[in-house]
Amino acid sequence: PAWDGASRVNVLLLGLDTYDGSADRSGPARSDTMILLTLDPKSRTAGMLSIPRDLWVNIPGFGYGRVNTAYMNGDAAKLPGGGPALAMKTVEQVIGVPVHYYAQMEFASCVRLIDELDKIPVYVEKKIFIDPVGPGDDKIMLSRGLHMLGGVEALAYARNRYTEGGDVDRSRRQQQVIMGIRARVLEPANFSRLVTSAPDIYAIIQDGVNTNLTFDQIMRLGMLASS
């Protein structure tokens, strides 16, 4: 059902591996990141549920497979609504709650958004080596502690899978990046400027963003998230 603006709303956030520097990445993209975001206007609360990309699920019409292939299958089969619609339907079936909207973002737009915020704060809990997207040996060591990460570094931090906790650690890092973006947006010095310039920022990143939310709904949800 469509969101009425007053009740709880669930949004599926999708990060796509359209390009990650790998030779085998051609054809329809997979959803490298899947996070179900829920916001309740009445209680002014929100939550995030990370969905591990290797979760083995029943994809409607395609049988069992990794949840991150639902998006790819929907696009490849040219289903109504494409990859996003099948990803939403799959998550609804697995989690058991309605998914009202989706918002997908490609790597480049994520980088541009964070750079537009002039870096985001992230507390690194344990020393980690990150490898920015693209070819070449350009790994970066992040020591334990608070770091201000630019777009390239934040994306590499969120995507790293090679730690002891695997996808669980990775999901935690992705949520840290989202909360880092929120923290920067809500800084008093930034908030009014960002609200005023939101249309311009959206124009900069929209070539890598796809959503069934209208711009007005995005702004409403953004204002809700701020409280």
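The values are calculated or read from the model by the stated rules, or taken from the named source; none is laboratory data. Here the structure is a predicted model, which is why all the values come from computation and not from measurement. Note that each Cβ is placed from the backbone with ideal geometry, even for glycine, and that neighbours are counted across all protein chains shown. For the accessible areas, the whole protein counts, side chains as well, though only heavy atoms, and no ligand, DNA or RNA atoms are used. Shrake-Rupley method; radii C 1.70, N 1.55, O 1.52, S 1.80 Å.
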Can you tell me which residues in region 155-164 are under 16 Å from Tyr123 (Cβ atoms) and open to solvent by 30 Å² or more (accessible area, probe 1.4 Å)? Thr163
Looking at region 18-27, is at least one residue at pLDDT below 95, of a type outside the set (A, V, I, L, M) and touching a Leu at 6+ places or on another chain (Cβ under 6 Å)? no
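I'd like to know if region 142-154 contains one or more residues that are under 29 Å from Pro60 (Cβ atoms), open to solvent by less than 50 Å² (accessible area, probe 1.4 Å) and not β-branched (Val, Ile, Thr). Don't jump to the end; show me each part of the working.
The initial filter retains those residues of region 142-154 that are under 29 Å from Pro60 (Cβ atoms), namely none.
No, region 142-154 contains no residue that is under 29 Å from Pro60 (Cβ atoms), open to solvent by less than 50 Å² (accessible area, probe 1.4 Å) and not β-branched (Val, Ile, Thr).
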With Leu213, Leu146 as the choices, which residue is touching a strand residue (DSSP E or B) at 6+ places or on another chain (Cβ under 6 Å), more than 28 Å from Leu55 (Cβ to Cβ) and touching a residue at least 12 places away in the same chain (Cβ under 8 Å)? Leu146
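Identify, from the list Ile95, Ile128, Ile120, Ile114, the residue that is closer than 27 Å to Thr38 by Cβ, surrounded by fewer than 21 Cβ atoms within 10 Å (Cβ to Cβ) and among the aliphatic types (A, V, I, L, M). Don't jump to the end; show me each part of the working.
Details: Ile128 fails: closer than 27 Å to Thr38 by Cβ; Ile120 fails: surrounded by fewer than 21 Cβ atoms within 10 Å (Cβ to Cβ); Ile114 fails: surrounded by fewer than 21 Cβ atoms within 10 Å (Cβ to Cβ).
Ile95 is the lone residue from the list that is closer than 27 Å to Thr38 by Cβ, surrounded by fewer than 21 Cβ atoms within 10 Å (Cβ to Cβ) and among the aliphatic types (A, V, I, L, M).
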Ile181 passes all but one of the listed conditions (1) exposed (fewer than 13 other Cβ atoms within 10 Å of the Cβ); (2) in contact with a Leu (Cβ under 7 Å, 6 or more places away or on another chain); the exception is number (1)
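Being within 22 Å of Val9 (Cβ to Cβ), touching a strand residue (DSSP E or B) at 6+ places or on another chain (Cβ under 8 Å) and surrounded by fewer than 18 Cβ atoms within 10 Å (Cβ to Cβ): is that true of Gln174 here? Talk me through it step by step, then tell me what you get.
Working: within 22 Å of Val9 (Cβ to Cβ): yes; touching a strand residue (DSSP E or B) at 6+ places or on another chain (Cβ under 8 Å): yes; surrounded by fewer than 18 Cβ atoms within 10 Å (Cβ to Cβ): no.
No; evaluated as a whole, the condition is false for this residue.
What about Ser197, is it open to solvent by less than 60 Å² (accessible area, probe 1.4 Å), closer than 25 Å to Tyr71 by Cβ and of a type in the set (Ser, Thr, Tyr)?
So Ser197 does not fit the description; no.
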Conditions first: (1) at pLDDT below 80; (2) touching a strand residue (DSSP E or B) at 6+ places or on another chain (Cβ under 9 Å); (3) of a type in the set (Val, Ile, Thr). Ile204 passes all but one, so which condition is the exception? (2)
Could you list, in sequence order, the residues of region 39-60 that are open to solvent by less than 30 Å² (accessible area, probe 1.4 Å), closer than 26 Å to Ile178 by Cα and assigned to a strand (DSSP E or B)? Leu39, Asp40, Gly47, Ser50, Val57
All but one of (1) open to solvent by 60 Å² or more (accessible area, probe 1.4 Å); (2) closer than 17 Å to Gly222 by Cβ hold for Leu186, so report the exception by its number. (1)
Residue check for Gly63: without any contact (Cβ under 8 Å) to a residue 12 or more places away in the chain, open to solvent by 20 Å² or more (accessible area, probe 1.4 Å) and within 15 Å of the chain's Cα centre (by Cα): no
Show the residue pairs that are 6+ apart or on different chains and have beta-carbon atoms under 9 Å apart, the first residue being within region 83-106 and farther than 19 Å from Trp56 by Cα, the second being buried (at least 24 other Cβ atoms within 10 Å of the Cβ) and of a type in the set (Asp, Glu). none
